[in-house]
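The values are calculated or read from the model by the stated rules, or taken from the named source; none is laboratory data. Small disclaimer: the values here were computed from a predicted structure and weren't measured. Please note: Cβ atoms are built from the backbone with ideal geometry, for glycine as well, and neighbour counts cover all protein chains shown.
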Amino acid sequence: MSVVSPIGTGVDEFFTGIDTSRYGIDNIRCFNTENYPVTLGAEARKDDSVLAVGSEEDRRIIFNRHAFDELSPSPRLRSYTPEERMMIVGSGVDFFRLREYSESAHAKTNDWHSYSHNSCGIYKECAASFDCKGGTIVNVAACVASSQAIGLSYRTLKESGKKAVITGGCDSMLNPMHYMGFYKLGALSDWKEDPRQGCRPFDRDRRGVVLGEGAAYFILEKEEYASPNDRLAEIAGYSSTVDAYLVTDPDPEGTYIARAAVEAIRDAGITPDDIDCVHTHGTGTVKNDSAECSAMKIIFGNKYRDVPVFSLKGQVGHLIGACGAIETAAVIYSLQKQIVPATVNFENPDPLIDLTILKTPLKKKIRYILKLNAAFGGQNTAIVFRRCD
Amino acid sequence: MISVYHRFSPGETIPVEQYLKNRKIKKYFNGETSAAVLCMGELMEKNPVNPHTTPVYYATGILEYEDYGLAGIVSNSIDGTGHYSPLLFISRGLSNVSPLNQFKILHNMPLSFISIAFGFTSDNSSLYSSAIGLLVSAKTAATEERIIIGSGKGYRDGSIECGFALVSKDEVDSLPVEDPQEEAVLMFRRIAEKATA
């Protein structure tokens with residue numbers, strides 16, 4: 001696997017970032033935020049410094065370069081023919097070179113197309129470099145884009161002749177257009193104190209989302225072909241649902257997040273009692289965190305407090321199209337280290353959210369993790385991960 | 001297989017209101033979303049399905065047409081010397097853009113609004129462009145029942161194309177795809193052309 005994140009680039013640095021509860025959120029530096037109503041973001045970092053990217057560059061391309069550089073030495077892919085390999089990934093809205101376009105003659109004729117980088121195009125070169133002749137699929141389901149990609153990868157390997165899939169995702173909304181577009185939706189945190197504490201999952205004083213950026217990729221293989229020594233985790237079950245509620249808000253009852261979870265657990269051939277912890281979506285918004293709490297009660301009944309939960313977003317923010325992928329990397333951390341991490345910036349419990357959220361890491365036997373994600377627009381995913389023995 | 005297909009000329013009215021229980025949500029729609037909701041409505045009239053168990057997979061076309069106000073953002077963000085000004089972008093460029101316009105940018109809105117309008121809650125995917133995404137999603141769906149696949153695209157000239165189909169897993173193999181990486185909406189165009197031939 002490979003990782004580019006606000007708490008580190010490279011798997012080792014990322015895992016250390018979780019170990020040490022490293023903060024990845026700060027005031028944005030990659031573009032001028034003077035006079036912006038909010039200025040918090042979680043920029044991708046390497047060796048404690050924000051990754052240098054030109055202000056008119058599509059940051060996703062740079063992150064993909066770093067992530068695929070970490071992934072490419074793996075000999076696993078070379079054991080499969082190009083036709084047996086696919087790429088199924090998630091990303092977000094197209095990037096647009098606003099400044100360059102605004103100052104160009106093309107702006108006078110509304111001829112904007114060559115200034116746009118679509119989310120399919122950024123993967124063409126990547127797929128070619130890995131010789132994935134089995135096909136390339138890009139999912140753009142907002143906050144569940146990469147988790148739907150991972151889920152489809154799992155199903156593809158189960159049901160088809162394909163033997164290996166590069167899956168995961170990449171996204172960055174840290175540019176003026178997309179950042180302020182999200183602000184206009186009323187979703188961004190306006191936390192005024194220490195900027196590092198701007199995203200506060202499940203906290204009584206949570207103020208909303210902090211946008212993050214990065215990438216995470218995994219080589220997913222059919223079980224019978226995967227080398228026992230190289231396995232990081234196993235996907236045991238997957239499901240996706242839609243709330244059919246409001247486009248702006250999640251269903252407060254958490255009905256369909258819960259349904260996705262129950263179906264994924266059934267797909268894994270286990271029961272909710274087998275789940276050892278839940279890595280939540282946990283955005284730090286009033287409504288999403290409450291909805292997830294409601295969902296937990298449906299999934300686990302009166303045992304919901306027996307299952308510790310975690311949200312990575314207090315550290316890395318919300319990576320939108322890549323959040324499922326980066327949070328899957330955190331699931332692998334938990335499975336490998338047998339630790340449920342502390343949820344950074346969870347300080348004061350919300351009396352209406354009585355989940356078991358940790359302020360210090362918990363070492364426990366973890367065999368199964370349930371990963372939840374939920375998108376703007378109502379799409380939900382649930383993936384069950386199993387520790388490899 | 002049961003299918004629906006439409007192509008709308010630039011500026012042509014898309015009569016989607018008839019399928020909206022709450023007509024107020026139309027303010028969030030771009031042309032592609034309107035076409036997708038209309039096509040799904042017609043498909044449901046031809047062959048109603050259980051929205052709680054039927055998967056829906058949708059592929060949006062590569063973005064060619066924008067209607068979220070880019071021209072206004074740009075003209076209001078340029079200073080007197082013709083240079084982009086971050087300050088003007090905030091104070092003028094974006095301040096005149098309605099928050100509703102953000103819903104015209106997000107790629108998953110067609111599927112989201114289909115779900116809201118018709119009550120679909122089951123397995124789903126919002127894919128970008130390529131036919132292979134729809135084909136693989138349908139073939140690997142965790143059901144032996146029929147599946148709904150759809151695709152739409154807004155073209156540079158303002159025209160909109162959209163198609164939906166209710167298919168079985170066996171029928172997926174015979175869908176008219178020439179290149180798996182081609183835009184998914186072309187498949188629905190070919191289905192419609194074959195039906196009228």
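Cβ separations smaller than 6 Å between residues 6+ apart or across chains give the following pairs from segment B:134-159 residues that are more than 11 Å from every other protein chain (Cβ to nearest Cβ) to residues that are in a helix (DSSP H, G or I) and small (Gly, Ala, Ser): B:Ile147/B:Ala138; B:Ile149/B:Ala138; B:Gly152/B:Ala35; B:Gly152/B:Ala36; B:Gly154/B:Gly31. When A:Glu253 is tested against (1) at pLDDT 95 or above; (2) within 23 Å of A:Asn139 (Cα to Cα); (3) within 14 Å of chain B (Cβ to nearest Cβ); (4) touching a helix residue (DSSP H, G or I) at 6+ places or on another chain (Cβ under 7 Å), only condition (2) is not met.
Just for segment A:85-98: of the residues that are out of contact with any Pro (no Cβ under 9 Å at 6 or more places or on another chain) and not in a loop (DSSP other than H, G, I, E, B), which one is farthest from A:Pro228 (Cα to Cα)?
A:Phe96
Tell me which residues, restricted to segment A:1-34, are farther than 18 Å from A:Asn175 by Cα and either in a loop (DSSP other than H, G, I, E, B) or among the basic types (Lys, Arg) (or both).
Within segment A:1-34, A:Met1, A:Ile7, A:Gly10, A:Thr20, A:Ser21, A:Arg22, A:Tyr23 meet the criteria.
Let's see how each residue does on (1) touching a strand residue (DSSP E or B) at 6+ places or on another chain (Cβ under 9 Å); (2) part of a helix (DSSP H, G or I); (3) at the interface with chain B (Cβ under 9 Å from one of its Cβ atoms); (4) not aliphatic (A, V, I, L, M):
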site	(1), (2), (3), (4)
A:Ser55	no, no, no, yes
A:Ile62	yes, yes, no, no
A:Arg78	no, yes, no, yes
A:Glu83	no, yes, no, yes
A:Glu100	yes, yes, yes, yes
A:His106	no, yes, no, yes
A:Ala127	yes, yes, no, no
A:Cys132	yes, no, no, yes
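Residues in segment B:9-26 that are closer than 21 Å to A:Leu246 by Cβ and either part of a helix (DSSP H, G or I) or within 14 Å of chain A (Cβ to nearest Cβ) (or both): 9 in all. Do you know which of the residues in segment A:184-210 that are of a type outside the set (Val, Ile, Thr), buried (at least 21 other Cβ atoms within 10 Å of the Cβ) and not in a loop (DSSP other than H, G, I, E, B) is farthest from the other protein chains (Cβ to nearest Cβ)? The selected residue is A:Asp203. When restricted to residues that are charged (D, E, K, R) and within 20 Å of A:Val247 (Cβ to Cβ), segment B:118-164 contains 1. Could you grab me the full set of residues in segment B:75-96 that are more than 7 Å from chain A (Cβ to nearest Cβ) and at pLDDT below 90? Passing the criteria: B:Ser95, B:Asn96.
For segment A:366-389, a residue qualifies if it is over 14 Å from A:Ala264 (Cβ atoms) and surrounded by fewer than 24 Cβ atoms within 10 Å (Cβ to Cβ), and the qualifying residues are A:Ile366, A:Arg367, A:Arg387, A:Cys388, A:Asp389.
Which of the strands (runs of 3 or more DSSP E) found entirely inside segment A:288-389 contain at least 1 residues meeting this: within 14 Å of chain B (Cβ to nearest Cβ) and out of contact with any Asp or Glu (no Cβ under 6 Å at 6 or more places or on another chain)?
Values: elements: A:308-310, A:368-374, A:379-386.
Result: A:368-374, A:379-386.
Tallying residues that are within 14 Å of another protein chain (Cβ to nearest Cβ) and assigned to a loop (DSSP other than H, G, I, E, B) within segment B:165-177 yields 2. Summed over segment A:158-167, the residues that are closer than 13 Å to A:Ile235 by Cα and in contact with an Asp or Glu (Cβ under 7 Å, 6 or more places away or on another chain) give a count of 0.
Just to check your reading of the model, which residue among A:Ile353, A:Ile298, A:Ile357, A:Ile339 is surrounded by fewer than 24 Cβ atoms within 10 Å (Cβ to Cβ), more than 22 Å from A:Glu263 (Cα to Cα) and in contact with a helix residue (DSSP H, G or I) (Cβ under 6 Å, 6 or more places away or on another chain)?
On the way: A:Ile298 fails: more than 22 Å from A:Glu263 (Cα to Cα); A:Ile357 fails: in contact with a helix residue (DSSP H, G or I) (Cβ under 6 Å, 6 or more places away or on another chain); A:Ile339 fails: in contact with a helix residue (DSSP H, G or I) (Cβ under 6 Å, 6 or more places away or on another chain).
A:Ile353 is the lone residue from the list that is surrounded by fewer than 24 Cβ atoms within 10 Å (Cβ to Cβ), more than 22 Å from A:Glu263 (Cα to Cα) and in contact with a helix residue (DSSP H, G or I) (Cβ under 6 Å, 6 or more places away or on another chain).
Consider segment A:23-35. How many of its residues are at pLDDT 95 or above and not polar (S, T, N, Q)? Final tally of qualifying residues: 5. Count of segment A:108-120 residues, restricted to those that are more than 18 Å from B:Val136 (Cβ to Cβ) and at the interface with another protein chain (Cβ under 8 Å from one of its Cβ atoms), is 5.
Restricting to segment A:246-283, give me the number of residues that are touching a Gly at 6+ places or on another chain (Cβ under 6 Å) and farther than 23 Å from A:Thr328 by Cβ. The qualifying residues number 1. When the residues of segment A:17-52 are filtered to those that are away from every other protein chain (no Cβ under 14 Å) and touching a strand residue (DSSP E or B) at 6+ places or on another chain (Cβ under 6 Å), the one that is surrounded by the fewest Cβ atoms within 10 Å (Cβ to Cβ) is A:Lys46.
Search segment A:134-149 for residues being under 18 Å from the mean Cα position of the chain (by Cα) and facing chain B (nearest Cβ under 7 Å), and hand back the single one that is farthest from B:Pro110 (Cα to Cα).
Narrowing segment A:134-149 to residues under 18 Å from the mean Cα position of the chain (by Cα): A:137-149.
Add one more test, that the residue is facing chain B (nearest Cβ under 7 Å), and what stays is A:137-142, A:148.
Working: A:Ile137: 18, A:Val138: 16, A:Asn139: 14, A:Val140: 11, A:Ala141: 10, A:Ala142: 12, A:Gln148: 17 Å.
Going through the qualifying residues, I end up with A:Ile137.
Inspect segment B:157-173 for any residue being over 18 Å from B:Glu42 (Cα atoms), within 16 Å of the chain's Cα centre (by Cα) and assigned by TED's automatic domain parsing to the domain that holds B:Glu12 and give the result as yes or no. Yes: one or more hits.
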